[in-house]
Structures are given as C-alpha cells and as structure tokens.
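Have a look at the structure below, then the notes.
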Amino acid sequence: MSSNFLKTPIAYLKGVGPNRANILKTELGIETYADLLQLYPNRYLDKTSYYKINQLQNSGADVQIVGKIIHLKTVEQKRGKRMVATFVDDTGEMELVWFRGQKWIRENLKLNEPYVVFGRVNRYGSTYSMPHPEMELLKNHQTGLKVAMQPIYPSTEKLSTSGITNRVISKLQQQLLLDSKGNFEETLNAELLSSLKLLNRSDALLNIHFPKSQELLAKAQFRLKFDELFFIQLQLLSKKALRKQKIKGFQFGTVGDHFNSFFNEHLPFELTDAQKRVIKEIRADMGSSAQMNRLLQGDVGSGKTIVALMCMLIAIDNGFQTCLMAPTEILAQQHYNGLKELLGKMEVKMALLTGSTKKSERTLLHNQLENGNLNILVGTHAVLEDKVQFKNLGLAIIDEQHRFGVAQRSKLWKKNKIPPHILVMTATPIPRTLAMSLYGDLDISVIDELPPGRKPVKTVHRYDSNRLKVFRFLKDEIKKGRQIYIVYPLIQESEALDYKDLMDGYESIVREFPLPDYQISIVHGKMKTKDKDYEMERFVKGETQIMVATTVIEVGVNVPNASVMIIESAERFGLSQLHQLRGRVGRGAEQSFCILMTGHKLSEEARTRLETMCRTNDGFEIAEVDLKLRGPGDLMGTQQSGLLNLRIADIVKDNQILKSARYHAIQLLKDDPKLEKSKNLPIRMAYVQLTKDKAIWGYIS
Ligand code: ADP
Ligand code: MG
C-alpha cells in the first residue's frame, strides 16, 4: 500500500467516525492509519495452554493456571492493606494478591472451588504470587472460542469508559489490515533482509497484531524493533555528520594566560590522567572550526568541576564569555563558591544567577553580561531566560544533564548567532552503547578514574528491625565529629504517603537524637527554596549533625565532613539513584558508610540491587547490572523512551538489537552516504518520510 493510504485520517476507517477519531487522537495520539498501525500491542495473552504451579518460571509472563483457593486473609502492611489468597493445584501452592477491590473479592470469591486464574506471576523468595489475577470459575470457562493469541493494546481510562475497549481496537486493526490487503511498503533493503533473516514488513505488521504463532511473533517483534532503532540511528548519524560539516563554531585557537597561570599556580592537586585526557579532547574539539557538542561522563566524585573550569578558562583566553548551569539553586551556589575558591586571586569576573537573585542585582548582571565585563556566569535555569543576553557566549556547560532536556539545550544554542560550544556533564553512569544511542548526536568523553586516596564507601544492608543498633552507630559517628544524611524515598504516585513516612521518620529521629546534644536539619520538596537553602546551609556549615531529606539532595551536594548515608526503604530506589545518593559521602579523608535500610519482604530484584550496592562502588559495573535488571516503565527506561518516542523497542532491553542496528546503519552510510544507490531506495523513501513527519532531535533546525 502506498504511503498515501497510510496518511488517511483515522476517522475514515470503518468503525471509527469523528467521535472516536477525536478520542483516539487525544488519548493515544492516533491521527492517521499509519498511527493506528503502529499502535503495537503491549503484550499478548496466550490462553492456549495451562500451567502447573511447579512449572512456573520467574519470567514475568502471563500464564493460566487451574486450581482452588483454600485460604483467604488480609495482611496489614506499611502502606495500606493487601488481600492474600492461598491458591493450590496438585503440584504446589502459590499466592494471589489484591491491593484494591478487596471488599468485592471477599464477598464474591468462592473457597475450594476450581478456578482458572490468569495473570502475571512474580517470585518472592520461594513463593510465586500473582497480583490482581483474572478469575473465572472452571465450570464457566469455555475453551471453545478462544483466539490463539490475543493482542493487548495500550489503553487509558478514558478509552475504556468511552467504549473503545481492547476488543474494539483489535477490530479496527483487523479492518485496517483488510483494507490494505495486508500489503505494506518495504522499508529496508534486500541485503539487510536476507543477511539478518528479517521478516518482510508486511508479514511483520500482520504478525505483530495477529500472531500466527509464538515464533512468528518473535520474528515480527525483532523486525519491527530493528526497523525502529535502525532509522533512529540513521538520523542520529547523519545529523552528526551534517553538524560536523556545516555548523561552524568558534575556533578557540589559543591557550593563554588564564589557563596557564591557573595550571601553573593555582591547581590545588595533580590532575588524574583521565582528567588530563578529557581536557585534551575538549581542547582539540574547541580548537577546530566546528561547534562542539560533547558529553562528559564521570562517576560521582571523579572531578568534573575542575575540568569544566579549565575549559572555561580556555574560552576566556580566547576572548569569550562562558556559563555553567546546574539543575538546582543549592548546586549552583555550591559551584559558585567552589569555583571562587579555585580561582583564588585570579583576574576572572564571575557572578551567580538563580531564581532568587534580587532584581537590582539582576539588572546590574544583565548589563555586565551584555557589555562583556563578566567572564563566567554560574546559574540555574534562570540563565536560559530570554532577558539574559551575552555579549559573546563561547562555551556553555550544563552540569548533571539528566535534569535538563533537549529543549533546554536548544535554548542555549540560540543565545548567539554562532552557537556556543556545549559541554554536558553527567554523573549518571551510562554504558557506552546506551550513551551512544541516547546522545548519539554528542561526542563522548569519559573520566574513568577517581582521584587518588579515596577510601571506598563501606556499604551494608540492614533490616528495619535492627534500627536500634544503627542508631547507636550513628551516635558514635557523631561523637567523632561526623555528619549524617538520612534519605527517604519520594515517588510521585504515592507522594502523600511518602511525605507521611518522611515526617514520621523525622519525628522518631528527633526523639532518638534530642536537643541540645543533637541538631537536625530537614529538607524536602514541599519547602520553600529559602527555607531549604537555610537548612542546607546549616548542614554545610556543620551546625547540624543530621540531615533528614528526600532525594532532593541526590545530585551534586558536596559536604566532605558527611560520612554516613542512611537510605530508608532502600528497596524502593533504583540502582542508579542509590549510587548517586551514596556518592554524597566518601568525599573527605574519613572512612564513610552507606547503610541501606529495608523491611524483610523483598523482591528478588530488590535483593539483587542491594547486593550489587554492597558489593561494588564502581558506577559502570552498577550501570551494567541496572541494565540487565531494568524493565520498561522504570526510571531510566521511561525517560529514554519518552525522549526518543519509541513505539516498540526498549533501549534497555533491546540493547543487542540496538547495537546491531547501529552497526548496520554505520555500514550503510559508509557505503552510500547520501542513500543514492537504487538498492537503497526503500530506505531512502522511509527515511525521507520519517524526517518529514517529525525530526526526533528537532533542535538542529
Ligand atoms: P564530580 O565529578 O562529582 O562533580 P567534583 O568535581 O565535585 O566531582 O570533585 C569531587 C572532589 O574531588 C572535589 O572536592 C575536588 O576538589 C576533588 N578532586 C577533583 N580532582 C581531583 C584530583 N585530581 N586530585 C584530588 N582531588 C580532586
Ligand atoms: Mg559535580
């Protein structure tokens, strides 16, 4: 079918009409036939077979089991109640669990009657459990008319209440396949199809919606994931090539007095080899005539700040202004203070700009920026405001990238007629392949070495029941003059409960560590910036010994005297977050500790996370484990798919496919940089179509 057919507005499809078209658009972003076709099922129900309890695997698959409920109980838990049923067949027992709708269940479920249950199983310790199963009495369960494999599409509440159920979507897909006669244009070349043994596009689309077998489903998924990742890589690679060619940057030809006098007279320590290497890389980049767009990766504490400063000095040596942006006020302030100290008596003019900078100061600052009197501007998002204009911004540095989006980067680009060089610094250890596809348009430098003499943080896991011992340990540490962080989780969907946990925790700490012997700070997201800063300040100055906080302190805060990090409900944090938090300690000369507190009930995955944290301090090793563990929907995964707008591939789980897609994209462009060869026509057509529809990295234009 031609691409015109696929551009037909969805309202024209039989069974849709204007009303449904509207809902499909607002709820799922479906406007055309093509959009519907690319609404892929999230999962499939395989109701063709039945499992025995002793055959269950910890695979996260949906399975169907026949058995009886022999016991039903309500369990009180930290947050709310859950209802647990003991479910048995002739091979063993497992649990069915409900967190909602418990009244209905208690009144309607029948004990000791055969049921067919259907759902996803998880393993906790040695027990399998199925949350919120679909249940049907065996006697009502008809096997006759079941589809081999039923696709389950993404849905929303609005969709189901408007009658656009899964069945309806499935019907619409059928209609679309019928109208198109199941015939879709190929998007890859013959070489790729045969060398990778890929399904052709039509078969893949058919089988992704209505799989004829598990095997064909797997092939269809592979083909479509490859497709998606391949075209993203093509876009990233060609944009990068284009940028190298066309986007002229400032050429920082000289390394002058500022850099040299800092290097010779002010450097407080010997740079590590890794720091020297990345400074060289950045220098070379800024010295060429193309604009730099570079990602600097380095684990927490690896010393990115001084690298940033030295790059800024090069910019100043070449007569340009620079800015350094941080995601929070606390961090911006800290950078400002830190840089001030490093610069000592050097002739460099620096200022701080945040949301709370006074109006009078602001006006002065704007003037100094515009007439070029200011060399370095340190700040928060406030730097991006349109009012902030530079005379000649030559280099912009963004610290802790994961808090900034692509849109913000693009704003920086526009601060000058010629875009400034851009250096993005991140402490999130991302394995290299992943970094390449996420930031495929950036060049990458890595600081893979910590400054000498660091003592690795000792990490242990303790159960809540051992809290008293932990408190005793804290008192000993405080006696030695150390400071302590106690961090509580804050996760959006349960914010109210989390907040309560934090406050309960705070009160019990205050009881355990009373005035006047102990001073405690508290910082959380609901406080005013002013109050947050005040509390933070007290801790930084050593006036308080304990800092109770939510994850707001996750990024960048530097209090070298703090030597203990307690993480409450540690099982609720992702690995990379745990690692970031731990990075807040171990910055001074003293032995530091990280204590992961949890209850007794832990999922296998949580256990692996805790064990990994106790085993290693290496951010990259942790990132690799994280990559293996993570499923879609978790922190990084969501962020990434949000960024790239992926429909079927998962950058984390499909890392192998990603590597292959990247490899083949590179090969293709080597052989045919402009996609002019006739054998590559399908790729060219698909590529042109794609970039016309939406450029994924819109900021180039
Ligand atoms: P991050 O990469 O997490 O931003 P920082 O730049 O804050 O790390 O550096 C962490 C600490 O290490 C700072 O106190 C800094 O002064 C110190 N530091 C950085 N580089 C070195 C080095 N080469 N030798 C010794 N200490 C260093
Ligand atoms: Mg830092």
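The values are calculated or read from the model by the stated rules, or taken from the named source; none is laboratory data. Please read all numbers here as calculations on a predicted model, not as lab measurements. Every residue, glycine as well, gets a Cβ built from its backbone with ideal geometry; the counts of neighbours run over all protein chains shown.
Exactly one residue out of Asn108, Asn58, Asn112 is at pLDDT below 90 and closer than 20 Å to Lys139 by Cα, and it is Asn108. Considering the conditions (1) part of a helix (DSSP H, G or I); (2) exposed (fewer than 13 other Cβ atoms within 10 Å of the Cβ); (3) within 32 Å of the chain's Cα centre (by Cα); (4) among the basic types (Lys, Arg), Arg511 is excluded by exactly one of them, (3). Condition check for Ile164 on (1) within 28 Å of Lys47 (Cβ to Cβ); (2) in a helix (DSSP H, G or I): one failure, at (2).
A single member of Ala382, Ala407 is among the aliphatic types (A, V, I, L, M), surrounded by fewer than 16 Cβ atoms within 10 Å (Cβ to Cβ), modelled with pLDDT under 95 and more than 16 Å from ligand 1 (Cβ to nearest atom), and it is Ala407. The one condition from (1) within 16 Å of ligand 1 (Cβ to nearest atom); (2) of a type outside the set (Asp, Glu); (3) farther than 21 Å from His579 by Cβ; (4) within 24 Å of the chain's Cα centre (by Cα) that His524 does not meet is (1).
Hey, could you check the stretch 302-313 for residues that are closer than 14 Å to Ala274 by Cβ and among the aliphatic types (A, V, I, L, M) and say which is farthest from ligand 1 (Cβ to nearest atom)? Once the filter is applied, the top-ranked residue is Met310.
Considering the conditions (1) small (Gly, Ala, Ser); (2) closer than 17 Å to Ile478 by Cβ; (3) within 16 Å of ligand 2 (Cβ to nearest atom), Ser563 is excluded by exactly one of them, (3).
Considering only residues in the stretch 547-556 that are of a type in the set (Val, Ile, Thr) and out of contact with any Phe, Trp or Tyr (no Cβ under 6 Å at 6 or more places or on another chain), the one that is modelled with the lowest pLDDT turns out to be Val555.
Residue-wise test of (1) among the aromatic types (Phe, Trp, Tyr); (2) over 19 Å from Leu596 (Cβ atoms); (3) without any contact (Cβ under 8 Å) to a residue 24 or more places away in the chain.
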residue: Pro452; (1), (2), (3): no, yes, no
residue: Lys475; (1), (2), (3): no, yes, no
residue: Tyr485; (1), (2), (3): yes, no, no
residue: Pro489; (1), (2), (3): no, no, no
residue: Ala496; (1), (2), (3): no, yes, yes
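Kindly indicate whether Leu188 is outside any helix (DSSP H, G or I), closer than 22 Å to Ala649 by Cβ, away from ligand 2 (no atom under 16 Å from the Cβ) and of a type in the set (A, V, I, L, M). Judged against the criteria, Leu188 is a match. In the set Leu172, Leu159, Leu224, Leu229, only one residue is closer than 17 Å to Asp35 by Cα, modelled with pLDDT of 90 or more and within 30 Å of the chain's Cα centre (by Cα); that residue is Leu224.
Picking from residues in the stretch 584-604 that are of a type outside the set (S, T, N, Q) and part of a strand (DSSP E or B), the one that is nearest to Ile478 (Cα to Cα) is Phe593. Residues in the stretch 307-322 that are in contact with a helix residue (DSSP H, G or I) (Cβ under 7 Å, 6 or more places away or on another chain) and within 16 Å of ligand 2 (Cβ to nearest atom): Val307, Leu309, Met310, Cys311.
Take the residues in the stretch 7-48 that are under 30 Å from Val117 (Cα atoms) and among the hydroxyl-bearing types (Ser, Thr, Tyr); name whichever of them is modelled with the highest pLDDT. Of everything passing the filter in the stretch 7-48, Tyr40 is modelled with the highest pLDDT. Scanning the stretch 9-23 for residues that are more than 35 Å from the chain's Cα centre (by Cα) and either surrounded by 14 or more Cβ atoms within 10 Å (Cβ to Cβ) or part of a loop (DSSP other than H, G, I, E, B) (or both) yields Ala11, Leu13, Lys14, Gly15, Val16.
Residue check: Asn466 meets all listed conditions (1) among the polar types (S, T, N, Q); (2) within 16 Å of ligand 1 (Cβ to nearest atom); (3) farther than 19 Å from Gln591 by Cβ but one, namely (2). Just one residue in the set Ile622, Ile648 is among the aliphatic types (A, V, I, L, M), outside the structural domain of Ser569 (by TED's automatic domain parsing), within 30 Å of Ser569 (Cβ to Cβ) and modelled with pLDDT of 80 or more; that residue is Ile622.
Working carefully through the options Ile105, Ile53, find the one that is touching a Phe, Trp or Tyr at 6+ places or on another chain (Cβ under 6 Å) and among the β-branched types (Val, Ile, Thr).
Ile105
If we scan the stretch 194-206, do we find a residue that is out of contact with any helix residue (DSSP H, G or I) (no Cβ under 6 Å at 6 or more places or on another chain), exposed (fewer than 13 other Cβ atoms within 10 Å of the Cβ) and modelled with pLDDT under 90? Looking through the stretch 194-206, none of the residues is out of contact with any helix residue (DSSP H, G or I) (no Cβ under 6 Å at 6 or more places or on another chain), exposed (fewer than 13 other Cβ atoms within 10 Å of the Cβ) and modelled with pLDDT under 90. Within the stretch 24-68, the set of residues being in a helix (DSSP H, G or I) and not assigned by TED's automatic domain parsing to the domain that holds Leu178 comprises Ile53, Asn54, Gln55.
Scanning the stretch 314-335 for residues that are at pLDDT below 95 and either within 16 Å of ligand 1 (Cβ to nearest atom) or in a strand (DSSP E or B) (or both) returns Met325, Ala326, Pro327, Thr328, Ile330, Leu331, Ala332, Gln333, Gln334, His335. Note down all Cβ pairs under 6 Å where the first residue falls in the stretch 302-320 and is in contact (Cβ under 8 Å) with a residue 12 or more places away in the chain and under 12 Å from Asn375 (Cβ atoms), the second is of a type in the set (Asp, Glu) and more than 14 Å from ligand 2 (Cβ to nearest atom), and they're at least six residues apart or on different chains. Every condition considered, no pair remains. Taking the numbered list (1) closer than 27 Å to Ala606 by Cβ; (2) part of a strand (DSSP E or B) in turn, Ser521 passes all entries but (1). If you check Lys526 against the conditions, is it more than 16 Å from ligand 2 (Cβ to nearest atom), assigned by TED's automatic domain parsing to the domain that holds Leu581 and at pLDDT below 85? Against the criterion (more than 16 Å from ligand 2 (Cβ to nearest atom), assigned by TED's automatic domain parsing to the domain that holds Leu581 and at pLDDT below 85), Lys526 qualifies. Count of the stretch 63-80 residues, restricted to those that are of a type in the set (Gly, Ala, Ser) and over 19 Å from Val121 (Cβ atoms), is 1.
Screening Ala496 on (1) touching a strand residue (DSSP E or B) at 6+ places or on another chain (Cβ under 7 Å); (2) outside any strand (DSSP E or B) shows it passes everything except condition (1).
Cβ separations smaller than 9 Å between residues 6+ apart or across chains give the following pairs from the stretch 563-589 residues that are without any contact (Cβ under 8 Å) to a residue 40 or more places away in the chain to residues that are part of a strand (DSSP E or B) and within 16 Å of ligand 2 (Cβ to nearest atom): Gly588/Ala562.
When the criteria are applied in full, Val559 fails the requirement of being within 16 Å of ligand 1 (Cβ to nearest atom), at pLDDT 85 or above and crowded, with 22+ Cβ neighbours inside 10 Å.
Among the residues making up the stretch 258-301, those that are more than 16 Å from ligand 1 (Cβ to nearest atom), in a loop (DSSP other than H, G, I, E, B) and of a type in the set (Ser, Thr, Tyr) are Ser288, Ser289.
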